[in-house]
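Take a look at the structure set out below.
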Amino acid sequence: MSTVLITGATLIDGTGSPAVKADVFIKGDRIEAVGTFGSKSADTVIDGEGMIVAPGFIDVNTDSDHYLSLFTDPAQQDFLTQGVTTIIGGHCGSSLAPLIKGTLESIRKWGDINLVNVNWHTMEELLWTLQTVSPAINFATLVGHSTVRRGLIGDQIRDLTEPELQLMSSILRQAVEEGAIGISTGLAYNHSRETPYNELKMLASLVARFGAVYSTHLRNETEGLIDSITETIALAKEARIKTIISHFRPIKGFEKQFTEALEMINKVDAEIYFDAYPFDYSIVPIYTLLPDWAAQGSLEQMQAVIKDPLREEDLKKDFAKISGDDIIIARAPGFDYSIGKNITQYAAAQEVDMPQGLLNLMRFTRLKGVVFKRNINYSMIVDALMSDKALVASNSPSLLEGRNVIENERASKTFSKFLDICAERGVKLEWAINKITEKPAKIFGLKDRGIIREGAIADVVVLQKVSPDSEAHRVGLRAIHAIIAGELALKDGVVQATRNGKIIKRQ
């Protein structure tokens, strides 16, 4: 059984308690002791003098499952290099299981579902498969509401019958019993947009009995934001369930609604939280740029709309309302030359106007592209992250470099940037570390994680102070070592070959 000793570091244990000078001794996958050990020996000794030792960070909303990079990039280096040791997937109504028909249709708006040979149906089978892949970091998942619903009724947009609702409840219960940590909904996406409140309440109430969580992508984040927040608060109270609003953000032009919504969340007498990231852009499938009348039904139905010459002028009229300068092409399968261009630049290169350029791109990629949309009020989202109801999340995948995608800072810098911001604002580091370690671990029921104490699982990060003139950061810290279940996954800032991540099941 291997041992690791971290000596002389400043310990921030994740609880919010004041920092202390301490050594941390790890044996196997557990923290064996915390204190001052003098001459104690270990297989690996890390000199922590001048550094900070903390629990590994927890990213509560990631897309490495949606983009299938858990399989294609199990090293997950974007997360490791910023100190993240645990990620949570299955958000926005889409998860990798359970698969009633054995297909990954609910995630094809994000990733290429042909990259993986699906050999599972149930949640238990998925979690076993993922453990055999040996990801470098820990992974837990929610059950995607849309994944199950579409497995039952396909691309139909309608209420479930009573027998279908009972079957859906049974499938959900089984998935949670097999290890899922909650349920997620993607109420803004066309397959779930019309889901009735009573269905959501019934399923959330079921999940609540297991002590699991409800995570939701709101029905509307712009003019209908207040109604969406009101619905979510009512659901949280009536189902008595811990609720997390996914990627809560102030969309430009709707700052007033966001301010009111944030005040509602901060004041509500219920366990309601939100996750957010300190950046000014959203990552969205390109089909979400379609007007509502065109974004209906299955992907194939939407493809038929954009190909229809009789709909072309109507589409271009709606596209003219979009700022092409603020839409950057992030993924365009088969059209690498377009990556990094905004829509205005892309259209100019084709010698067409912006609306025609966007329509062409949708046609070329068959609506399977992904774009960065600079639509967030940055100063307001940074202020919102200081709320006690806020959790920190990248809402991103870790992807191998050189893939058909441009660099996504949210994947590689969310947590280091959050710590930078806290340092600039004079926020106590103990508070900041608690927000990204023990607090999310408690909310999501991740037992023995997010804390440094005797008996806890040895997910640990060692942070090095960075000088203000560093190119990587203005001020703050960077991860220099990361330990996952007792094994070094990041050493001297370099990702190791060790892949010791665990698939975390609901406990």
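The values are calculated or read from the model by the stated rules, or taken from the named source; none is laboratory data. Model, not experiment: these values are computed from the prediction. Cβ: placed from backbone, ideal geometry, glycine included. Neighbour counts: every protein chain shown. Accessible surface areas use protein heavy atoms only, side chains included; no ligands, DNA or RNA. Shrake-Rupley method; radii C 1.70, N 1.55, O 1.52, S 1.80 Å.
So the values come out like this:
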quantity: Under-5 Å amide H pairs with Arg30, H placed in peptide plane, nonlocal only; calculated: Ala458
quantity: Over the chain, equivalent-ellipsoid semi-axes from the Cα gyration tensor in Å; calculated: 37, 26, 22
quantity: Per-residue ³J(HN,Hα) for region 169-182, Karplus 6.51 cos²θ - 1.76 cosθ + 1.60, θ = phi - 60°, Hz, x for Gly and Pro; calculated: 4, 5, 5, 5, 4, 4, 5, 5, 5, 8, x, 5, 9, x
quantity: Residue-averaged 222 nm ellipticity for the chain, from DSSP H runs of 4+ at -39500 (n - 2.57), nearest 500; calculated: -9000 deg cm²/dmol
quantity: In sequence order, calculated HN-Hα J values of region 288-304 (Karplus, 6.51, -1.76, 1.60; Hz; x Gly/Pro); calculated: 5, 7, 5, x, 4, 5, 9, 8, 10, x, 7, 4, 5, 5, 5, 4, 5
quantity: Acute angle (nearest 10 degrees) that the helix 197-208 long axis makes with the longest principal axis of the chain, alpha-carbon atoms; calculated: 20 degrees
quantity: Nonlocal amide H pairs with Ile244, under 5 Å, H built at 1.01 Å; calculated: Tyr214, Ser215, Thr216, Tyr273
quantity: Region 157-308 - accessible surface per residue (Å², probe 1.4 Å); calculated: 38 Å²
quantity: Nearest-ten-degree value, helix 255-267 long axis tilted from longest Cα axis of the chain; calculated: 50 degrees
quantity: In nm, spacing of pseudo-spin labels at Glu271 and Val45 (7 Å Cα→C-beta vector); calculated: 4.4 nm
quantity: Pairs from Lys389/Lys465; Lys341/Lys435; Lys242/Lys341; Lys27/Lys439 whose Cα-Cα separation, in the structure shown, is over 31 Å; calculated: Lys341/Lys435; Lys242/Lys341
quantity: Whole-Hz couplings from phi, Karplus 6.51/-1.76/1.60, listed for region 433-447; x for Gly and Pro; calculated: 5, 4, 5, 10, 9, 5, 4, x, 4, 5, 4, 8, x, 8, 5
quantity: Two-decimal log10 I(q)/I(0) for region 251-387, as the Debye equation yields it once each C-alpha is a single scatterer, q = 0.13, 0.15, 0.17 Å⁻¹; calculated: -0.65, -0.80, -0.93
quantity: Accessible-area composition of region 1-87, carbon plus sulfur, in percent [1.4 Å probe]; calculated: 49 percent
quantity: Accessible surface of region 280-373, 1.4 Å probe, proportion on carbon and sulfur as whole %; calculated: 50 percent
quantity: Fraction of beta bridges assigned by DSSP in the chain that are antiparallel (%, nearest 5); calculated: 55 percent
quantity: Approximate spin-label separation Trp431-Ile157, in nm, with each point projected 7 Å along Cα-to-Cβ; calculated: 4.4 nm
quantity: Region 89-128, accessible area per residue, ligands and nucleic acids excluded (1.4 Å, Å²); calculated: 41 Å²
quantity: Portion, in percent, of the accessible area of region 126-260 that falls on carbon or sulfur, probe 1.4 Å; calculated: 51 percent
